[in-house]
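Asks: This is the structure I want to talk about, given as structure tokens.
Values in this text are rule-based calculations from the coordinates and carry no lab data. These figures come from a predicted structure and were not determined experimentally. Counting neighbours? That spans all protein chains shown, and the Cβs are built from the backbone with ideal geometry, glycine included.
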Amino acid sequence: MLIGAVIHPTAKIRTSYLRQVIKKAGISGEVKYLEDFLFPLGRARRRLPKGAFYLDTEEKKGKGCRDAGRVIVILPTGEITFCCGHILNTEAQSLITLGKLNEDMTLSEMIDGMQRNVLYWWLHVHGPKVIIKELGIGELECRDCEICYLLGNQYKSRLLSLAERKESIFETYIYIVQIIFEESF
């Protein structure tokens, strides 16, 4: 079982509290806990003031997304994504959806398709801040997950226009992956 909690300065329910509740309830078995930051997405974006969100100023600019492709998510709808979630259930989800269970593709085929996807490599190697820069949008003072949200919602048409250059972009990433692979051995 995985139990998540949102990190916020005034949050009363954190994983430490949830551990106590689970213990008192006598729930046994393997339980993992996850804490994540509050992002200005969905209802939070509309209802909370901008100051309520944590901005990680130490986040490495131009570094790859730590979750893109390392986390494969199977949603209750059967859709499979290569991201853990801040853009799920928004229009942006289509950018990270690999396929759907019970259709003609196996999970292995979906992952193979992900590894041939330019957006996946761009996110995985450089992160969304580099994509925003490539689109000419400039610096955004927000976290990577929020940038993906903006890419998939507000800037989706501009992002999709990059598909015209996908062959040259993909060739660059194949070269980068080969260098990384060779340096590993």
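Asks: What are the residues in the range 12-43 that are touching a residue at least 24 places away in the same chain (Cβ under 8 Å) and within 29 Å of R143 (Cβ to Cβ), if any?
Replies: Within the range 12-43, V31, K32, Y33, L34, E35, D36, F37, L38, F39, P40, L41, G42 meet the criteria.
Okay, residues lined up against (1) within 25 Å of A5 (Cα to Cα); (2) aliphatic (A, V, I, L, M):
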site: C65; (1), (2): yes, no
site: V71; (1), (2): yes, yes
site: T81; (1), (2): yes, no
site: D104; (1), (2): no, no
site: G113; (1), (2): no, no
site: Y120; (1), (2): no, no
site: I132; (1), (2): no, yes
site: I137; (1), (2): no, yes
site: L140; (1), (2): no, yes
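Asks: May I ask you to list the residues in the range 115-127 that are buried (at least 22 other Cβ atoms within 10 Å of the Cβ) and either free of Cβ contacts under 8 Å to residues at least 40 places away in the same chain or aliphatic (A, V, I, L, M) (or both)?
Replies: L119, L123
Asks: Please enumerate the residues belonging to the range 150-171 that are within 11 Å of E91 (Cβ to Cβ) and over 16 Å from the mean Cα position of the chain (by Cα).
Replies: Q154
Asks: Quick test for you: out of I137, I132, pick the one residue that is crowded, with 20+ Cβ neighbours inside 10 Å, under 27 Å from N89 (Cβ atoms) and aliphatic (A, V, I, L, M).
Replies: Working: I137 fails: crowded, with 20+ Cβ neighbours inside 10 Å.
Result: I132 is the single residue among I137, I132 that is crowded, with 20+ Cβ neighbours inside 10 Å, under 27 Å from N89 (Cβ atoms) and aliphatic (A, V, I, L, M).
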